[in-house]
Structure formats: C-alpha cells, structure tokens
Amino acid sequence: MPATTTKSAFRAGVRDGAPFMVVAAPFALLFGVLATEAGLNLFEVMSFSLVVIAGAAQFTALQLMQNETPTIIVLVSALAVNLRVAMYSAALTPYLGKAPLWQRACAAYMLVDQSYALSHARFDAEPQMSVPARMSYFFGTCTLLIPTWYAASFAGAALGTALPPQIPLDFALPIMFLSMVAPMMRTLPHIVAAGVAVVISIAAASIPYSLGLLVAGIAGMMAGAQVDLWLERRAP
Amino acid sequence: MIDTGNLWFIIITLGVGSFLLRFAFIGFIGDRPLPDWLLRHLRYTAVAVLPALVAPLVVFSDEGGSLDAARIGASVATVAAGMATKNLFAAIGAGAATLFTLMMLIG
C-alpha cells in the first residue's frame, strides 16, 4: 500500500464502509417500525435516530419505556448497553488524538461499531498513515453508513403501522438482540458473562423498576471479568 | 403509552450521554491508558446486559400457551445459529423461521 493521501484515504473509507449499509439498514428499519408501533410519531423517531445513532441503546430504551420503567433505569440501561463505544473511543485515541478538536467531536458523533472496526483495522495495518489521512478514512467509512441509518429509520417509521397485525412484531426485538449477542460469544468469559446475566435476570424478574436488569448486568460483567482474569493467570 | 415529555427527556439525555461516551477518550483523556480492571469489565458489558434484557421477555411473555413454546424455540434457534455461524443475518433468519414455523405448527 503506497503512502495514502487524504483523498485516496477518504475514497478507501467509502469503499470499505459501503457493504455495511446492508447491516445497518435492517436495524434502523426495525427501530422505525417498532417505535412507530409504540406510539412515537415520525419526528420523534427521526430525532431518536439522529441524536442517539446507536441501535442497541435505542432498542433498549424503547423496550423499557413501553414497560413503564422509571426514567433513570431506562437511561442507565440504555447507556450501559452502549458502553462499548467508550472502548472504541479509547482504542482510536492513539491514532486520532492529535487531530483538531472539532474533527474529533464530529468523529465522536459518528463513532459506531462499523466505523470503529474498519478504522482500527486500517490504522493498525498502515502505521505510516498521517493523522489527516486517518481522519479522512474514518469519515469515509461513515459517508454512506450514517445517511443509511437515517433513511432506514425514516422508511421504518413510514412503514410502521402498515404492517399486518399477525406478524409477531413484539418478538422481533428479542430475536434482534439475541442475533447481536450470539456472534459475540467468542470466548469462555463471554459465555459465562451471558449465562450469569441470564440466570440472575430471570431470578430477579420480580424486583421492581427493572432493577433486576442492572443487578444481572453488573453480575454478568463481574463474572466475565473474573473468568477472564482467571484464564490470564493460568496461562503460562 | 409513552409520555411525550418523558420521551423527549430520554431522547436528549441519551443523545448527550452517548456522545459523551464516544467523546470521552478521543476528546478528553488523550493518550493516557485506562486501568486494566475497568477495561476488563467494559469488555463484557454488551454480552451481559443484552441477554439480561431478553431473558425475562422470553421466559415470562404475557401471551401464554403455544406462543411461549414458539418464542423459546425461536430464541434457542437464534442463539444456536448465531454462535455456529457468527453471522447476524443467519441468526435472525433462523430465529424468524423457527418462530413462524412453530406458531403455525402449534397455533
């Protein structure tokens, strides 16, 4: 790979990001549909997708709001689901930390699974890339992805209530979440974290205000971290 | 029904919160490294919180009867396909297909 100019880096980002439109669109579409079914109007749905741009957090908030969960629990749970973007932010800082503040602020807004994964892999593989070239690549990956997120949310909201009632839409959400989580079960700590969280969330389902979710989530994280630590100590 | 004022409070707070999570390191912290124990816990947030959210929805659905069997079957199929293929779409397809098939068979 020759030394990358900002223009060619941007084009490479657009090219690499394009296939992920196929991944992002169904999530945003489903969010639009479910949010409309839950009673949100088009403007509210679009504001949600524009302001938050985080599939899992949006679905979590939507689900909990429908269960009349206290607002603070809705916020804590939705942000907890989205904590991984803080890790992405940490991981990209060594590569983008020297860019101007306004660029870093724009990049932060667009920091999603796909833009992170593509950029981190690219920056790692091409250490000689300049900071402006890296920023151009990052924004390139977002150029098709982020508008797709908005457009598919809009389409879902427009489609919304037009879907036939026989479709068990309420169960689309659990299937979506399980589909996101299952491929993450790469190692023993991941499986233990999920297992502990599931058992405790069912046992704690009667705890009011959905507090059981937080207890189960924290217990699962701690279990995963402990197994992770144990495996690391056992390794030679 | 979702209360409109509350909804806007949640949208805006979540938006600000999500931005701050994303901006935290790239904007504020710079190159300073994070403590090991914190990273170790952050690594498992998604795999703990998402299943904890779904499990009660699967086990205690209000619908009762045959739909419950279909839901549990669909959940198992989704997880199995997702773990086997590591593919989001394969997992969604397996879950949806199982849900519809079981609903037709039992329902």
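The values are calculated or read from the model by the stated rules, or taken from the named source; none is laboratory data. None of these values were measured; they are calculated from a predicted model. Note that we place each Cβ from the backbone using ideal geometry, even for glycine, and neighbour counts take in every protein chain shown. Just so you know, the surface numbers come from the protein's heavy atoms only, side chains and all, with ligands and any DNA or RNA stripped out. Shrake-Rupley method; radii C 1.70, N 1.55, O 1.52, S 1.80 Å.
When ligands, DNA and RNA are left out and all protein chains stay put, how many square angstrom of accessible area per residue does the range A:1-128 have with a 1.4 Å probe?
Values: 5170 Å² over 128 residues.
Value returned for the range A:1-128: 40 Å² of accessible area per residue.
Any idea what diffusion coefficient chain B gets from Stokes-Einstein, in µm²/s, Kirkwood Rh on alpha carbon pairs, 4 °C, 1.567 mPa s? Could you put the intermediate results ahead of the total?
On the way: Rh = 17.4 Å.
D, rounded to a whole number, is 74 µm²/s.
Accessible area per residue, 1.4 Å probe, Å², for chain B: what's the number?
49 Å²
Accessible area lost on pairing A with B, both sides, 1.4 Å probe, Å² to nearest 100?
On the way: alone 13370 and 8790 Å², together 15270 Å².
About 6900 Å² of accessible surface is lost on pairing.
Tell me, what % of the accessible area of the protein assembly as shown is carbon and sulfur with a 1.4 angstrom probe? Intermediate results must be reported in sequence, preceding the final value.
Numbers: 10750 of 15270 Å².
The C+S portion of the solvent-accessible surface of the protein assembly as shown is 70 percent.
Using the heavy atoms of the protein chains alone and a 1.4 angstrom probe, what is the accessible area of the range A:148-206 per residue in square angstrom? Before the final figure, lay out the partial values.
Numbers: 2510 Å² over 59 residues.
Accessible surface, normalised per residue, equals 43 Å².
Checking a compactness column here: for chain A, what do you get for Rg(Cα) / (2.2 N^0.38 Å), N being the number of residues? Numbers along the way, then the final one.
Details: Rg = 19.7 Å, N = 236, 2.2 N^0.38 = 17.5 Å.
That ratio works out to 1.12.
Working from the alpha-carbon coordinates of the range A:151-236, get Rg over Rh, Rh being the Kirkwood radius. Each step should come with its number before you reach the end.
Values: Rg = 17.9 Å, Rh = 15.6 Å.
On the Cα set of the range A:151-236, Rg over Rh gives 1.15.
B:PHE100 versus B:ASP68, label points 7 Å from Cα toward the beta carbon: distance in nm?
2.6 nm
Using 0.36 nm times the number of residues separating A:LEU169 and A:ASN41, minus their current alpha carbon distance, what extension gain do you get? Provide the component values of the computation, followed by the final result.
Working: separation 128, 0.36 × 128 = 46.08 nm, distance 1.78 nm.
Roughly 44.3 nm would be gained on extension.
Could you check the spin-label model distance between B:ILE2 and B:VAL16? Points 7 Å from the Cα along Cα→Cβ, value in nm.
For B:ILE2 paired with B:VAL16, the spin-label model returns 1.9 nm.
Using 0.36 nm times the number of residues separating A:ARG15 and A:CYS106, minus their current alpha carbon distance, what extension gain do you get?
On the way: separation 91, 0.36 × 91 = 32.76 nm, distance 2.02 nm.
Extra length from A:ARG15 to A:CYS106 when fully extended: 30.7 nm.
Pop a pseudo-label 7 angstrom from the Cα along the beta-carbon direction at both B:ASP36 and A:HIS120 and give the gap in nm to one decimal.
In this crude label model, B:ASP36 to A:HIS120 measures out at 2.0 nm.
Give me the net charge for the shell around A:LEU96: Cβ to Cβ below 9 angstrom, other residues only, Lys and Arg +1, Asp and Glu -1. Mind showing how you got there, number by number?
Details: positive: A:LYS98, A:ARG104, A:ARG134; negative: none.
Counting the neighbours of A:LEU96, the net charge comes to +3.
Considering chain B as a Gaussian network with a 10 Å cut-off on Cα pairs, which listed residue, B:THR78, B:THR45, B:THR13, attains the greatest mean-square fluctuation?
B:THR13
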